[in-house]
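**Q** Got a structure for you, written out below as structure tokens; questions coming shortly.
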Amino acid sequence: MEFKEQTACSLFRLFEQGEISAVEIIKNFREFQGQRDKDLKAFVKTSWKRAEKKARALDEKRKRGEDLPPLSAVPIAIKDNIARLRETMTCSSNFLKGFFPGYSATVVEKLEEAGALIIGRTNMDEMAMGSTTETSVYHPTRNPHNLGKTPGGSSGGSAAAVGGGIVPVALGSETGGSVRQPASFCGNYGLRPTYGRISRFGLAAYASSLDQIGLFARDPDDLWRVFGVLAGKDKKDSTTVSGKGLERKGEAFDPEEIRVAFPREYMELVEDGEVEKRTFEVVEKLEKAGIKVEEISLTDPKKALGVYSVIATAEASSNLARFDGLRFGKGIEGEKNWEELIKKNREVGFGQEVKNRILLGTLFLSSQYREKFYDRAVQVRKEITQELDQLFCNFDLILSPATPMPAFNLGSRIESSLEKIMSDIMAIPGSLAGLPAISLPMGLNSEGLPLGLQLMAPRWKEGRLIDFSQFIREITGYREELKYFSEGGSE
Amino acid sequence: MMEKEFKTIIGLEIHLQLKTLSKMFCSCSTEFAAPANTNTCPVCLGWPGTLPSVNQKAVLFGLKGALALNCRINRESGFDRKNYFYPDLPKGFQITQYARPLGFEGFFTLGEKNIGIRRVHLEEDAGRTIYNQGNGEIDFNRAGIPLVEIVTEPDIESPGEARDFLKDLRLLILYLGISDCSMEEGSFRCDANISLKGEEEKISQNQVELKNLNSFQAIFRALEYEEKRQKKALLDGEEIKGETRGWDEKEGKTFLLREKGKKEDYRYFPEPDLPDLILRQDLIGSVAEDIPEPPMQREKRWQEEWGIGKEETGVLISDKAKADYFEKAANFASPKEVAKWIKEHLYAHVFPLEIPPEYLSEIIKMVEEGDLSFPQGKEVLKETLETGRKPGEIIDDKGWKQISNQEYIEELIEEIIENNPGVVQDYLAGKEKAIQNLMGKGMKKSEGQANPQTLRSLLEERLKGREEDG
Ligand SMILES: [Zn+2]
């Protein structure tokens, strides 16, 4: 049996039935990670010893015949901006090298309670700012389907770990499209839950009103299983919401009841012929299967992108003000004047991309520009949200490509910030509106690179996203084109 | 030629630390004297990944303050971030209420005048910098302690009025029980803005902000100094610059802290980590019901309804526990007498007293009605305070109860007269001193319990009547 090819759900079942032990699972995954990550560089830190200890405890638990929680013996990776007790959290930034947060994020507590084996922390763009994982202070991560390509970002490490077969499930985080874009580039399912569905306590903030923890998997059922563990009101995060049930129809799901909206403004952004062609193929297949897909018109996502840039950088300029090198993180020595000290610490601590965004955000909030930029952006955000909510009165899902292009070459876009942002433009309107969305495999292009499809749903309807993704998988077979476990990968 | 006249315009900003057990946005303790940096956690230290959660008690306290200051309440208010860098500010921003304060457009009645309250809002305190041999060390115990900021309209017209306002405001807050209001411990802090305006002029001069004023006396003196300084400058034809000044207690002078050149840009925006603060009408109602009668109004009522002197009410009102105790005791005895007793005989005691107010009024009433002599009353009070025993029991044990009952005393007198005809004869013959002898017999017969004044007056009346009879 190939351990690495198992899904989270199947690993749990095998473990529960006593066919494999948790310690064996850890041993096998460790071995594969050791080989595979030499190429991918998806991880910034592994915690095999801790995972193994936990695995032994789980084996004991099973032997005693106790109830096994839903993620027992499932190896999971977390992004390096999620806090875990007794582990460093660096956000792939020089500033936080060696920083121990001293507490665990709510999602980490929930994973641990659910029996998951957290095996390590994954690489990311510094402070989650970027879309290639190249602004990491450590190293760029490579795309498992082509080592010369980017895995996307900012959650590129988690996407590559799942897409490269190292773990069945990983956690990432999204502000704009930092889960859906890399999921698309690496051939994964990537879920962004409704804003307020999963606690952000313990997630280092980029832009609080947009940040949300997201998940990567190779299988919709795995996403649902982990999502179910993480979802819920948390009193440590006042923006989480209670009383919203988790609802997935599963067997009872009737795709023919689903009315799909297909916005032409999204298609107009597509830069790649194969992405365009494949998206129309999906629409055709859906129609053939009896699903009603209707072309509609929505606000140009480029307008949403402008709004997003203002709000995200404005909030970031404030969220990142705490990094002064005085209380935590790395500070320089020998400077007596605190103003100079903070300046120098921030000069040395942050990379260029982060500095750019802080500067922009500071400008957008300044009394001189606030009305023109920040206030205006907040207003347009409201309008975009209303437009999408309105559309969902008549439709059940919005379908579009996940990205305008497949993964691009490493290093190719590092110069141009704007183009990098364009790669997650499809994700932006939904993020601004706080809606749940998923990116799912849409097969491979002629170069063997994964393509991705995006579905957006009304608030709290993650279950519908999972059901419909499963349905698309069945009628298209695109997911089955993906090879996750080939070692090496071509360049 | 007459000297040019100026009008003084003063506005105040008061920061109160709220008396909650935990901080504004985390569960750390707010204890004052804890060792440096022991009351801290990742949230109040602003560590990455942490999020604030609102302390509901602090909201209720803030609401109580806003209501007591007659404010209009924003039923949908919220928090904002005020962004600036300072070493004692852990997150690089302060969570405060900017666009939508909890309360606005209130007033505070000072004597015959209303001072406008511009706004009352909630925010978090910053850490405290301790200077140690030229190095700044920061204690984050204070960071995140809930504050209420009260901003007045510039309605105050003299340093004396500013001081009176602050004293009365402090008393009101103490009555509300939402803050300790200790200037020494920094739980009551005040900044003042002062400017002058020529009688004829429409616009006032630039404002000078006075900071670091840590006693009522300092506030008064600094404002008085500043009033004089600005007046002199204006008469000399100088311009008043908008600036922030400190107060040098030793020199008795204000001094320049910094000029107010460009206004600092705090880049306010709504706090995205906290939802709007929605206050239900029934909650506002129940907090309003919980607000006690304002002390100034209460004091006036005592003076007007009970005729108690200013000196006594002043002593009673300054301490809410004392005032409440007094009011309860005054239900069972003459309020005037109770006030006098508290002021004169209980000034050194901590209120509420260990004994129920009924005990105190019982003693006072007995002395008032002659059932107990004054020294006996004081002795009983002392004992009941020490032992907590009922005054009646103590009096019984001591056998001190005076009998003023007229019927009893009249019977007693008949008995003495009948048994001592010789002494009565002496008295009637003009030996005035003989009455002492009869008094002594009466007291002995009553085992010391007859009220001597009653006994004497009735005895004299009886003997004189006999005189007339004879
Ligand atoms: Zn704390």
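The values are calculated or read from the model by the stated rules, or taken from the named source; none is laboratory data. As the structure is a prediction and not an experimental result, all values here were calculated from the model. Positions of Cβ are generated from backbone atoms using ideal geometry, with glycine treated the same way; all protein chains shown enter the neighbour counts. Only protein heavy atoms, including side chains, enter the accessible area calculation; ligands, DNA and RNA are left aside. Shrake-Rupley method; radii C 1.70, N 1.55, O 1.52, S 1.80 Å.
**Q** Within region B:57-73, which residues are surrounded by fewer than 22 Cβ atoms within 10 Å (Cβ to Cβ) and within 16 Å of the ligand (Cβ to nearest atom)?
**A** Result: B:Lys57, single match.
**Q** Could we say that A:Lys54 is more than 23 Å from the chain's Cα centre (by Cα), assigned to a helix (DSSP H, G or I) and not polar (S, T, N, Q) here?
**A** So A:Lys54 passes the test.
**Q** Separate question: Six or more apart or on different chains, Cβ atoms under 8 Å: show the pairs whose first residue is in region B:221-235 and open to solvent by 10 Å² or more (accessible area, probe 1.4 Å) and whose second is assigned to a helix (DSSP H, G or I).
**A** Taking only residues 6 or more apart or on different chains, the pairs are B:Arg221/B:Pro159; B:Glu224/B:Pro159; B:Glu227/B:Pro159.
**Q** Tell me, which helices (runs of 4 or more DSSP H) lie completely within region A:294-391 with 3 or more residues that are closer than 17 Å to B:Gly92 by Cα and either touching a residue at least 60 places away in the same chain (Cβ under 8 Å) or within 14 Å of chain B (Cβ to nearest Cβ) (or both)?
**A** Correct list: A:301-319, A:338-349, A:352-365.
**Q** Let me ask you something else. Can you name the number of the only condition in (1) open to solvent by 10 Å² or more (accessible area, probe 1.4 Å); (2) outside any helix (DSSP H, G or I); (3) not polar (S, T, N, Q) that A:Gly196 fails?
**A** (1)
**Q** Return a yes/no flag: does region A:261-275 have any residue that is at negative phi, within 14 Å of chain B (Cβ to nearest Cβ) and open to solvent by 20 Å² or more (accessible area, probe 1.4 Å).
**A** Looking for residues that are at negative phi, within 14 Å of chain B (Cβ to nearest Cβ) and open to solvent by 20 Å² or more (accessible area, probe 1.4 Å), one finds none in region A:261-275, hence no.
**Q** Within region B:10-29, does at least one residue satisfy the condition of being free of Cβ contacts under 8 Å to residues at least 24 places away in the same chain and within 15 Å of the ligand (Cβ to nearest atom)?
**A** Scanning region B:10-29 turns up at least one residue that is free of Cβ contacts under 8 Å to residues at least 24 places away in the same chain and within 15 Å of the ligand (Cβ to nearest atom).
**Q** So, in region B:114-131, how many residues would count as being within 18 Å of B:Leu18 (Cβ to Cβ) and surrounded by fewer than 18 Cβ atoms within 10 Å (Cβ to Cβ)?
**A** 1
**Q** Failed condition for A:Lys420, given (1) under 18 Å from the mean Cα position of the chain (by Cα); (2) modelled with pLDDT of 95 or more, with all others met?
**A** Condition (2) is where A:Lys420 drops out.
Table: residues versus (1) surrounded by 18 or more Cβ atoms within 10 Å (Cβ to Cβ); (2) out of contact with any Gly (no Cβ under 7 Å at 6 or more places or on another chain).
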| position | (1), (2) |
| --- | --- |
| A:Gln390 | no, yes |
| A:Ala407 | yes, no |
| A:Ser431 | yes, no |
| A:Pro436 | yes, yes |
| A:Ser446 | no, yes |
| A:Leu455 | yes, yes |
| A:Trp460 | yes, yes |
| A:Leu465 | yes, yes |
| A:Phe471 | yes, yes |
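**Q** Sticking with this one: Give me the residue from region B:132-160 that is of a type outside the set (Gly, Ala, Ser) and within 16 Å of the ligand (Cβ to nearest atom) and, out of that set, most open to solvent (accessible area, probe 1.4 Å).
**A** Going through the qualifying residues, I end up with B:Arg142.
**Q** Considering every residue within region B:285-296, establish whether at least one is open to solvent by less than 40 Å² (accessible area, probe 1.4 Å), within 18 Å of B:Gly62 (Cβ to Cβ), assigned to a loop (DSSP other than H, G, I, E, B) and touching a Lys or Arg at 6+ places or on another chain (Cβ under 7 Å).
**A** No.
**Q** Then there is this: Only one of (1) assigned to a loop (DSSP other than H, G, I, E, B); (2) in contact with a Pro (Cβ under 8 Å, 6 or more places away or on another chain); (3) not small (Gly, Ala, Ser) is not met by B:Ile9, so which one is it?
**A** (1)
**Q** Here is a follow-up. A:Val229 passes all but one of (1) under 20 Å from A:Cys91 (Cβ atoms); (2) in a helix (DSSP H, G or I); (3) touching a Lys or Arg at 6+ places or on another chain (Cβ under 6 Å); which number fails?
**A** Just one mismatch for A:Val229, condition (1).
**Q** Follow-up. For region A:197-220, name all the residues that are within 13 Å of chain B (Cβ to nearest Cβ) and of a type in the set (D, E, K, R).
**A** Once the filter is applied, which keeps residues that are within 13 Å of chain B (Cβ to nearest Cβ) and of a type in the set (D, E, K, R), region A:197-220 yields A:Arg200, A:Asp211.
**Q** Here's a check for you: in region B:32-49, which residue that is buried (at least 21 other Cβ atoms within 10 Å of the Cβ) and touching a residue at least 40 places away in the same chain (Cβ under 8 Å) is nearest to the ligand (Cβ to nearest atom)?
**A** For region B:32-49, the residue satisfying everything is B:Cys44.
Residue-by-condition table, conditions (1) touching a Pro at 6+ places or on another chain (Cβ under 8 Å); (2) in contact (Cβ under 8 Å) with a residue 40 or more places away in the chain; (3) closer than 30 Å to B:Lys378 by Cα; (4) open to solvent by less than 50 Å² (accessible area, probe 1.4 Å):
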position	(1), (2), (3), (4)
B:Phe269	no, yes, no, yes
B:Asp276	no, yes, no, no
B:Arg301	no, no, yes, no
B:Glu311	no, no, yes, no
B:Glu327	no, no, yes, yes
B:Phe332	yes, no, yes, no
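**Q** If you check every pair at least six apart or on different chains, which have Cβ atoms under 6 Å apart with a residue in region A:432-444 that is touching a residue at least 40 places away in the same chain (Cβ under 8 Å) and over 12 Å from A:Phe185 (Cβ atoms) first and a residue that is open to solvent by 10 Å² or more (accessible area, probe 1.4 Å) and among the polar types (S, T, N, Q) second?
**A** Once the first residue is touching a residue at least 40 places away in the same chain (Cβ under 8 Å) and over 12 Å from A:Phe185 (Cβ atoms) and sits in region A:432-444, its partners that are open to solvent by 10 Å² or more (accessible area, probe 1.4 Å) and among the polar types (S, T, N, Q) give A:Ala433/A:Thr385.
**Q** Scanning for something modelled with pLDDT of 85 or more and either among the hydroxyl-bearing types (Ser, Thr, Tyr) or in contact with a strand residue (DSSP E or B) (Cβ under 9 Å, 6 or more places away or on another chain) (or both), does region B:397-408 turn up at least one residue?
**A** no
**Q** What about B:Ala99, is it open to solvent by 40 Å² or more (accessible area, probe 1.4 Å), within 14 Å of chain A (Cβ to nearest Cβ), over 30 Å from B:Arg163 (Cα atoms) and out of contact with any Leu (no Cβ under 6 Å at 6 or more places or on another chain)?
**A** no
**Q** Then there is this: Filter region B:355-376 down to the residues that are over 19 Å from B:Asn331 (Cβ atoms) and part of a helix (DSSP H, G or I), then identify the one that is least open to solvent (accessible area, probe 1.4 Å).
**A** Selected residue: B:Gln376.
**Q** Taking the residues in region A:88-98 that are open to solvent by 10 Å² or more (accessible area, probe 1.4 Å) and not small (Gly, Ala, Ser) as candidates, determine which candidate is farthest from A:Thr135 (Cα to Cα).
**A** Taking the candidates together, the pick is A:Thr88.
**Q** Output the residues belonging to region B:394-420 that are assigned to a helix (DSSP H, G or I) and open to solvent by 50 Å² or more (accessible area, probe 1.4 Å).
**A** B:Asp396, B:Asp397, B:Lys398, B:Gln406, B:Glu407, B:Tyr408, B:Glu410, B:Glu411, B:Glu414, B:Glu415, B:Glu418, B:Asn419
**Q** Taking only region B:421-441 into account, find how many residues are open to solvent by less than 30 Å² (accessible area, probe 1.4 Å), without any contact (Cβ under 8 Å) to a residue 40 or more places away in the chain and in contact with a Lys or Arg (Cβ under 9 Å, 6 or more places away or on another chain).
**A** 4
**Q** Quick check: is even one residue across region B:16-25 within 14 Å of chain A (Cβ to nearest Cβ), among the hydrophobic types (A, V, I, L, M, F, W, C) and open to solvent by 10 Å² or more (accessible area, probe 1.4 Å)?
**A** Checking region B:16-25: at least one residue is within 14 Å of chain A (Cβ to nearest Cβ), among the hydrophobic types (A, V, I, L, M, F, W, C) and open to solvent by 10 Å² or more (accessible area, probe 1.4 Å).
**Q** Just one of the numbered conditions (1) over 12 Å from the mean Cα position of the chain (by Cα); (2) of a type outside the set (A, V, I, L, M, F, W, C); (3) within 13 Å of chain B (Cβ to nearest Cβ) is not true of A:Thr175; which one?
**A** Only one criterion is unmet by A:Thr175, namely (1).
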